[in-house]
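Data first, discussion second: the structure below is written as structure tokens.
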Amino acid sequence: MEPPQPPAPDPGQPASGPPKVAPPDAGLSGHERRNRAAWNADADDYQARHGQQLAGDGKAWGTWNLPESELHVLGDVAGRDTLELGCGAAQGAIDLARAGAWPVGLDLSEGQLAHARRLLARAGVHVALVQASAEAVPLADASFDLVFCDHGAMNFADPYRTVPEVARLLRPGGLFAFCHLSPIVDLCWPDAADRAGDRLVRDYFGMHRIDGMHRIDAVDEVVFQLPYGEWIRLFRANGFEILDLIEPRPAPDAVSSYRDDEDRAWARRWPAECIWRLRRAWPPG
């Protein structure tokens with residue numbers, strides 16, 4: 001089976017070369033322009049801070065790098081057409097390519113994709129790169145068996161647009177798996193603070209767009225979150241069956257380039273991250 005392809009490269013251009021879908025700012029919403037600029041400005045520093053953790057031995061999940069071999073989120077990916085939403089430097093997509101998948105990596109930031117091209121040249125594997133928003137993916141319906149995201153676009157794009165897009169892109173029975181910060185941690189994270197506290201500081205009902213919150217690393221970002229019930233209703237409205245909600249807990253001695261000992265202590269008391277596993281069960285509408 002041939003993998004799904006983004007717009008064809010110029011003659012002589014390798015398939016993992018410069019992305020061919022460079023969205024003009026005029027075609028993006030305000031939060032997309034803002035997040036694109038933030039990630040372009042931070043791309044080099046971000047990869048310097050976290051590249052070593054992200055390029056570990058095999059796919060791992062979340063800010064505490066819990067191994068896929070323990071969580072079993074994706075299962076066997078060999079021969080499967082896969083799409084990573086918010087691939088950054090494509091470390092996750094590279095892991096899947098090494099496991100036999102046919103991966104496509106999508107990111108809105110050309111700064112991050114420049115790092116992806118360098119890592120792909122070094123890794124010697126094929127990952128097709130697309131520069132686009134996860135809210136409007138320029139790929140055909142029913143192109144993928146698996147769509148996944150690990151603190152990528154599902155943090156920084158509007159879920160009311162991304163979830164229908166994933167439903168469109170997946171084949172019937174396809175898997176949608178993504179890791180993001182939990183609604184609980186967002187309720188306890190004050191605006192402009194470096195970490196969550198032990199008090200509720202945000203309204204739960206109506207939670208959607210959050211400005212000025214530095215949850216991962218990017219500056220001047222816009223992030224998105226929903227209450228648990230609203231996530232479930234959104235999934236079901238778009239034809240997804242919920243297979244699992246994993247709330248990973250770091251080990252007592254876990255280390256992370258993203259977090260420190262105080263963050264680890266918080267995440268051992270309350271769930272800081274969620275990993276949703278969903279199956280596209282029936283066509284929406």
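The values are calculated or read from the model by the stated rules, or taken from the named source; none is laboratory data. Bear in mind the structure is a predicted one, so any value in this text is a computation, not a measurement. Don't worry about glycine lacking a Cβ; one is built from the backbone with ideal geometry, like all the others, and counts go over all protein chains shown.
Worth a mention:
- Note on region 219-285: enclosed strands (runs of 3 or more DSSP E) holding 1 or more residues that are surrounded by fewer than 16 Cβ atoms within 10 Å (Cβ to Cβ), without any contact (Cβ under 8 Å) to a residue 60 or more places away in the chain and under 17 Å from the mean Cα position of the chain (by Cα) are 240-246.
- Hits in region 172-194 (condition: closer than 18 Å to R80 by Cβ and either without any contact (Cβ under 8 Å) to a residue 24 or more places away in the chain or in contact with an Asp or Glu (Cβ under 6 Å, 6 or more places away or on another chain) (or both)): G174
- When region 58-71 is filtered for residues that are surrounded by 12 or more Cβ atoms within 10 Å (Cβ to Cβ) and either on the phi > 0 side of the Ramachandran plot or touching a Cys at 6+ places or on another chain (Cβ under 6 Å) (or both), the ones remaining, listed by number, are W61, G62, N65.
- Residues in region 152-165 include at least one that is touching a Cys at 6+ places or on another chain (Cβ under 8 Å), closer than 22 Å to L71 by Cβ and at pLDDT below 95.
- Complete set of residues in region 173-197 that are among the aliphatic types (A, V, I, L, M) and surrounded by 12 or more Cβ atoms within 10 Å (Cβ to Cβ): L175, A177, L181, I184, V185, L187, A193, A196
- Total residues in region 117-143 satisfying the condition of being part of a helix (DSSP H, G or I), touching a residue at least 40 places away in the same chain (Cβ under 8 Å) and surrounded by fewer than 20 Cβ atoms within 10 Å (Cβ to Cβ): the figure is 2.
- Looking only at region 18-39, and only at residues there that are surrounded by 15 or more Cβ atoms within 10 Å (Cβ to Cβ) and either modelled with pLDDT under 50 or among the hydrophobic types (A, V, I, L, M, F, W, C) (or both), the one that is nearest to P138 (Cα to Cα): V21
- Which numbered condition L200 misses (of (1) within 14 Å of I184 (Cβ to Cβ); (2) surrounded by 17 or more Cβ atoms within 10 Å (Cβ to Cβ); (3) of a type in the set (A, V, I, L, M); (4) in contact with a helix residue (DSSP H, G or I) (Cβ under 6 Å, 6 or more places away or on another chain)): (2)
Quick grid of which residues meet (1) polar (S, T, N, Q); (2) touching a Pro at 6+ places or on another chain (Cβ under 8 Å):
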residue: D186; (1), (2): no, no
residue: R199; (1), (2): no, no
residue: D203; (1), (2): no, no
residue: E221; (1), (2): no, no
residue: N238; (1), (2): yes, yes
residue: D253; (1), (2): no, no
residue: D261; (1), (2): no, no
residue: A267; (1), (2): no, yes
residue: W276; (1), (2): no, no
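Residue by residue, here is whether (1) in a strand (DSSP E or B); (2) surrounded by 18 or more Cβ atoms within 10 Å (Cβ to Cβ); (3) β-branched (V, I, T) holds:
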{"residue": "A41", "(1), (2), (3)": "no, no, no"}
{"residue": "Q53", "(1), (2), (3)": "no, no, no"}
{"residue": "G56", "(1), (2), (3)": "no, no, no"}
{"residue": "T82", "(1), (2), (3)": "yes, yes, yes"}
{"residue": "A89", "(1), (2), (3)": "no, yes, no"}
{"residue": "Q112", "(1), (2), (3)": "no, yes, no"}
{"residue": "D145", "(1), (2), (3)": "yes, yes, no"}
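- Filter result for D95 (over 12 Å from the mean Cα position of the chain (by Cα) and either free of Cβ contacts under 8 Å to residues at least 40 places away in the same chain or in a loop (DSSP other than H, G, I, E, B) (or both)): yes
- Members of region 98-109 that are at negative phi and either surrounded by fewer than 22 Cβ atoms within 10 Å (Cβ to Cβ) or in a helix (DSSP H, G or I) (or both): R98, A99
- Among the residues of region 53-97, those that are acidic (D, E) and out of contact with any helix residue (DSSP H, G or I) (no Cβ under 7 Å at 6 or more places or on another chain) comprise D57, E68, E70, D76, D81, D95.
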